[in-house]
Ligand code: PGA
Ligand code: ZN
């Protein structure tokens with residue numbers, strides 16, 4: 001039987017130049033594998049704890065040497081000698097070592113780094129691609145990409161309140177074609193922005209971050225970009241939004257101050273998106289309300305859930321208990337899945353299982369702070385949910401995921417399917 005020989009963590013940088021954790025695992029058969037942990041900006045308050053040093057003399061307090069030490073000094077000595085294919089036991093052992101409900105002692109960034117690196121090492125040792133190891137031989141479903149082409153909110157310094165305006169190539173026959181539809185639309189959007197004298201500098205996830213007249217103009221420009229790239233809006237390429245509403249929710253309600261739209265109540269925001277569904281080819285709406293606005297989420301799902309995918313991100317934070325509550329309350333019909341919100345591969349799979357039993361959809365997602373690690377590409381194919389959100393069609397930390405999916409599609413050959421969970425309009 002193969003056993004874990006060494007586990008070693010170290011500090012690397014993410015796509016924003018902030019420290020994050022990378023973990024290397026070596027097995028006694030000579031297999032060597034690593035994994036890097038991403039980091040969010042518009043984080044949900046109930047996410048598992050990302051341990052940062054708080055030492056202002058290093059990286060403004062954002063160092064992760066404590067999390068690195070947790071791996072090297074606490075986790076590694078316990079996992080030496082374990083069978084790397086016993087993922088659930090290994091993850092449980094780390095949860096017990098941490099002993100807190102939030103993973104605040106060792107850090108979710110320490111625990112997840114080990115969890116992912118162990119999975120990858122086990123796969124390599126069995127000479128299986130990671131997606132086959134995690135999902136089995138039936139893992140042939142490529143995810144439909146949601147590509148974030150216009151950035152606002154916490155991901156950009158512009159006047160757009162809503163964080164993400166994404167394109168979804170719903171009419172594409174293969175993943176490679178979906179990526180081409182996306183890239184061509186992205187370049188057509190660049191031309192449009194330039195022609196209007198807007199900036200084509202990009203935000204954290206590689207989408208453009210111009211100062212626009214309004215939030216509406218973002219949707220209008222995207223529709224135009226889709227047309228000018230030669231695609232049919234809604235049929236070939238649709239729109240998905242993630243306003244990340246927790247980031248503009250205050251005691252005065254939803255404050256759309258950047259764009260000058262004023263303050264809105266939950267009901268007014270639902271009405272706004274109801275109108276937008278008539279105006280624009282929108283197939284998915286994520287975090288349109290605050291993470292604590294459970295009743296708003298339920299009303300929104302009751303009113304719009306039959307017409308559009310309603311995704312919960314900050315409200316559920318990939319937490320099985322919160323997703324269960326969401327299912328009971330009809331608070332959405334889909335969940336955004338981020339490994340580092342919950343902190344282990346096993347619990348992430350449990351969260352997905354709850355979605356599956358409830359008939360909910362799930363979207364595997366990157367974070368705004370990413371690395372070149374393409375773990376989520378394999379994970380999305382393994383989980384078979386048919387959707388991935390991995391940023392725009394530029395910046396290599398985003399493209400790494402898309403390029404890995406191209407490679408998987410090629411490897412799967414004729415058995416690969418891009419089965420779109422989101423129906424073209
Ligand atoms: P984050 O943003 O990684 O900054 O949290 C992504 C999202 O809100 O979906
Ligand atoms: Zn989100």
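The values are calculated or read from the model by the stated rules, or taken from the named source; none is laboratory data. Quick caveat, the model's predicted, so the values are computed rather than measured. Backbone-built Cβ (ideal geometry, glycine too); neighbour counts: all protein chains shown.
Against the conditions (1) modelled with pLDDT of 95 or more; (2) touching a strand residue (DSSP E or B) at 6+ places or on another chain (Cβ under 6 Å), where does residue 421 fall short? Just the number, please.
(1)
Give me the residue from the stretch 216-232 that is surrounded by fewer than 23 Cβ atoms within 10 Å (Cβ to Cβ) and over 14 Å from residue 188 (Cβ atoms) and, out of that set, nearest to ligand 2 (Cβ to nearest atom).
Once the filter is applied, the top-ranked residue is 219.
Is one or more of the residues making up the stretch 401-409 away from ligand 1 (no atom under 16 Å from the Cβ), in the same structural domain as residue 164 (by TED's automatic domain parsing) and part of a loop (DSSP other than H, G, I, E, B)?
Checked the stretch 401-409: no residue is away from ligand 1 (no atom under 16 Å from the Cβ), in the same structural domain as residue 164 (by TED's automatic domain parsing) and part of a loop (DSSP other than H, G, I, E, B).
Can you confirm whether the stretch 233-251 contains a residue that is more than 25 Å from the chain's Cα centre (by Cα), surrounded by fewer than 19 Cβ atoms within 10 Å (Cβ to Cβ) and within 24 Å of residue 43 (Cα to Cα)?
yes
Taking residue 109 and the conditions (1) in contact with a strand residue (DSSP E or B) (Cβ under 7 Å, 6 or more places away or on another chain); (2) within 16 Å of ligand 1 (Cβ to nearest atom); (3) part of a loop (DSSP other than H, G, I, E, B), which numbered condition does it fall short on, given that it satisfies the others?
Of the numbered conditions (1) in contact with a strand residue (DSSP E or B) (Cβ under 7 Å, 6 or more places away or on another chain); (2) within 16 Å of ligand 1 (Cβ to nearest atom); (3) part of a loop (DSSP other than H, G, I, E, B), the odd one out for residue 109 is (3).
I want to confirm something. Restricting to the stretch 266-295 and keeping residues that are part of a helix (DSSP H, G or I) and within 16 Å of ligand 2 (Cβ to nearest atom), which single residue is nearest to the chain's Cα centre (by Cα)?
Within the stretch 266-295, the subset part of a helix (DSSP H, G or I) is 266-279, 294-295.
Subsequent filtering for residues that are within 16 Å of ligand 2 (Cβ to nearest atom) retains 269, 273.
Numbers: 269: 24, 273: 22 Å.
That would be 273.
Restricted to the stretch 233-257, and to residues that are more than 23 Å from residue 314 (Cα to Cα) and assigned to a strand (DSSP E or B), which residue is farthest from ligand 2 (Cβ to nearest atom)?
233
Please tell me if residue 175 is more than 16 Å from ligand 2 (Cβ to nearest atom), at pLDDT 95 or above and farther than 20 Å from residue 228 by Cα.
yes
Please work out which residue is nearest to residue 244 (Cα to Cα), limiting yourself to the stretch 47-70 and to residues that are surrounded by fewer than 17 Cβ atoms within 10 Å (Cβ to Cβ) and in contact with a helix residue (DSSP H, G or I) (Cβ under 7 Å, 6 or more places away or on another chain).
Of everything passing the filter in the stretch 47-70, 54 is nearest to residue 244 (Cα to Cα).
Considering only the stretch 18-31, I want to know if a residue exists there that is over 16 Å from residue 347 (Cα atoms), without any contact (Cβ under 8 Å) to a residue 12 or more places away in the chain and out of contact with any strand residue (DSSP E or B) (no Cβ under 6 Å at 6 or more places or on another chain).
Kept after step one, since they are over 16 Å from residue 347 (Cα atoms), are these residues of the stretch 18-31: 18-31.
If we keep only those that are without any contact (Cβ under 8 Å) to a residue 12 or more places away in the chain as well, we get 30.
Next cut, out of contact with any strand residue (DSSP E or B) (no Cβ under 6 Å at 6 or more places or on another chain) only: 30.
Checked the stretch 18-31: at least one residue is over 16 Å from residue 347 (Cα atoms), without any contact (Cβ under 8 Å) to a residue 12 or more places away in the chain and out of contact with any strand residue (DSSP E or B) (no Cβ under 6 Å at 6 or more places or on another chain).
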